[in-house]
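The values are calculated or read from the model by the stated rules, or taken from the named source; none is laboratory data. Because the structure is a prediction, the values reported are computed rather than measured. All Cβ positions, glycine included, derive from the backbone under ideal geometry; neighbour counts span all protein chains shown. For accessibility, only protein heavy atoms count, side chains too; no ligands or nucleic acids. Shrake-Rupley method; radii C 1.70, N 1.55, O 1.52, S 1.80 Å.
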Amino acid sequence: NMIRSVDFKEKTQIIVKQNPSVSESCWMIAIDLGFGAVKGFSENKVFSFPNFARKVENFTNLIGTPADNDIYYRDAKGTVWAIGETAQALITTGESSESSEVLYGRNRYPSAQFKALADAALGLGMKENEFGNANGKTIILQTGLPPRYIKEDSSSLRESLEGKHSFDLKIGQDKWKHYEFDLSGGNIKIMPQPLGSLYSSIIDKKGNWSADASHILDLKVQVWDGGFKTFDKYSIRNHVPEGNGETLDDLGMKQVFQRTADKILKTYNKDIQVYAMQTLLDEGEFKSYDPKTRSSTKISFVDILEESNKEVCMEMIDRLDIMNNHFLDIDCIIVTGGTGAAWWDIISNELSGMEGLKIIPANKNDEDLPSIFSNVRGYYMFLFKNMEKTLKGKSV
């Protein structure tokens with residue numbers, strides 16, 4: 001059963017959906033600013049787009065009609081950025097101009113590119129549809145960070161998000177729409193990322209605790225959150241989160257793509273940057289050129305991708321096996337994230353011999369939603385629960 005390369009591609013998705021809401025005067029948005037994709041959940045929709053933005057020099061000279069999911073962002077100075085897949089379409093496979101620090105570094109928060117991505121996510125979360133709009137309401141934002149970075153990075157993340165926002169967004173063939181709002185520091189909430197997936201797995205679509213919530217919380221649970229750049233493990237014992245969890249750098253989808261690129265370079269002498277790989281995943285092929293015959297052929301790399309995917313997943317399991325006393329003290333593993341979805345079969349298969357160990361997908365309370373939304377759905381439900389408590393006059 002071969003994998004499908006297109007399942008590894010970060011896509012632009014905007015799903016209209018009525019989510020639980022607490023108050024007429026507030027508009028809740030949750031954003032997961034991942035290294036692979038930016039995911040969002042708000043009162044009237046769920047959305048994602050690849051974590052990529054690029055300045056467009058001659059926007060007025062755009063040829064033809066934009067595609068439905070094209071996203072363009074215009075900042076207060078009038079600079080236009082293409083966002084997500086729209087920006088990826090501007091990549092040529094041979095180039096190497098993007099600094100990976102700007103894309104994947106922890107120091108990305110002050111960058112103009114990060115601001116464009118974060119603003120685009122806020123605007124998308126506020127955009128009106130039949131399930132309501134954010135007009136004149138106070139924006140309350142819930143986001144998260146990998147547990148290991150939460151102390152160090154919270155203030156720079158908060159700084160880059162708070163204050164006055166003024167920008168325009170153009171989605172598909174729609175006209176430019178102007179957004180202007182203030183986001184106060186106190187309305188920006190930051191939680192440990194994997195906790196989002198825990199909440200996602202115990203809260204139903206209406207924002208109520210699921211039937212098995214207390215049972216799951218009584219277990220010794222580990223959340224395995226496979227992301228683009230990092231793999232986070234987070235333990236909860238008897239309702240109490242243990243420490244900061246662990247962040248394994250370089251055991252995520254970026255590593256899978258890096259190894260795939262390295263093998264392509266070694267075997268076919270073709271150099272492809274990790275961020276440029278996304279554009280090839282639709283077909284799972286790249287073009288190879290033979291200068292002697294001046295001809296090109298398409299070469300499939302799906303087998304290389306599959307091999308690299310399995311390698312990195314197995315390394316992750318081996319590392320955690322050593323760190324966690326062979327999983328003997330765990331009752332339940334919640335698998336989450338886009339990388340988690342790509343690794344689900346391997347994880348289930350490798351751990352199938354562990355007596356009584358339950359492995360559950362974090363999106364089990366909303367299975368229509370792809371696995372990449374598990375964390376951000378949990379952020380939203382966590383925020384909803386806290387707002388509900390606050391409004392009932394209890395302290396959070």
Starting at the first residue of segment 242-257, write each ³J(HN,Hα) from the Karplus equation 6.51 cos²θ - 1.76 cosθ + 1.60 with θ = phi - 60°, in whole Hz, x for Gly and Pro. 9, x, 9, x, 10, 10, 8, 6, 6, 10, x, 5, 4, 5, 4, 5
Given H placed on each backbone N at 1.01 Å, which residues far from Phe52 in sequence or on other chains put an amide H within less than 5 Å of it? Gly84
Would you grab the residues whose amide H sits under 5 Å from the one on Lys189? Only those 5+ places off in sequence or on another chain, please, with H modelled 1.01 Å from N. Leu141, Gln142, Thr143
Would you mind computing, in nm to one decimal, how far apart the modelled labels at Leu90 and Lys164 are, each placed 7 Å from Cα along Cα→Cβ? 2.7 nm
Using a 7 Å offset from the Cα along the Cα-to-Cβ direction at both Ser295 and Glu130, what is the distance between the two label points in nm, to one decimal? 5.4 nm
Please list, in order along segment 283-294, the HN-Hα scalar couplings obtained from phi with the Karplus expression 6.51 cos²θ - 1.76 cosθ + 1.60 (θ = phi - 60°), rounded to whole Hz, x for Gly and Pro. 9, x, 9, 10, 9, 10, 10, 10, x, 5, 9, 6
If the cut-off is a Cα-Cα distance under 21 Å, which lysines reach Lys229, setting aside same-chain residues fewer than 8 apart in sequence? Lys9, Lys11, Lys39, Lys115, Lys151, Lys254, Lys263, Lys310
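For a test of the definition: using alpha carbon positions, the gyration tensor, and the 1.5 limit on a/c, classify segment 110-188 as rounded, prolate or oblate.
Details: a/c = 2.08, a/b = 1.72, b/c = 1.21.
Prolate, because a/c is 1.5 or more and a/b exceeds b/c.
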Under a 5 Å amide H to amide H cut-off, with H placed in plane at 1.01 Å, what residues pair with Ile359 once short-range neighbours are removed? Ile333
Farthest positive-ward along the chain dipole, Cα basis, beta-carbon charges - from Gln222, Leu195, Gly123: Gly123
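By how many nm would the segment from Ile3 to Asp345 grow when fully extended, if each residue of separation counts as 0.36 nm and the alpha-carbon distance is taken off?
Details: separation 342, 0.36 × 342 = 123.12 nm, distance 1.09 nm.
122.0 nm is the gain from fully extending Ile3 to Asp345.
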Size of electric dipole in segment 189-323: Cβ of Lys, Arg +1 and of Asp, Glu -1, about Cα centre, debye, nearest 20: 440 debye
Pulled fully out, how much extra length does the chain show between Asn208 and Ala76, if you take 0.36 nm times their separation in residues and subtract their Cα-Cα distance? 43.5 nm
Tell me the label-point distance for the pair Ser156, Asp218, using the 7 Å Cα-to-Cβ offset, in nm and rounded to one decimal. 4.4 nm
Positive-end residue, segment 264-308 charge dipole about Cα centroid, Cβ charges, pick of Ser308, Thr293, Tyr268: Thr293
Chain lengthening between Asp318 and Phe59 when straightened (0.36 nm per residue, less Cα-Cα): 88.3 nm
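Carbon and sulfur: what percent of the chain's accessible surface (1.4 Å probe)?
Numbers: 8470 of 17920 Å².
Answer for the chain is 47 percent, counting heavy atoms of protein chains only.
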Whole-Hz ³J(HN,Hα) from phi, Karplus 6.51 cos²θ - 1.76 cosθ + 1.60, for segment 45-51, glycine and proline x: 5, 10, 8, 8, 8, x, 6
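Can you give the calculated 222 nm mean residue ellipticity of the chain, where each DSSP H run of n ≥ 4 adds -39,500 (n - 2.57) and the sum is split over every residue, rounded to the nearest 500 deg cm²/dmol? Intermediate values should be presented prior to the final figure.
Working: 11 runs with 126 residues, N = 396.
Value at 222 nm, helices only, nearest 500: -9500 deg cm²/dmol.
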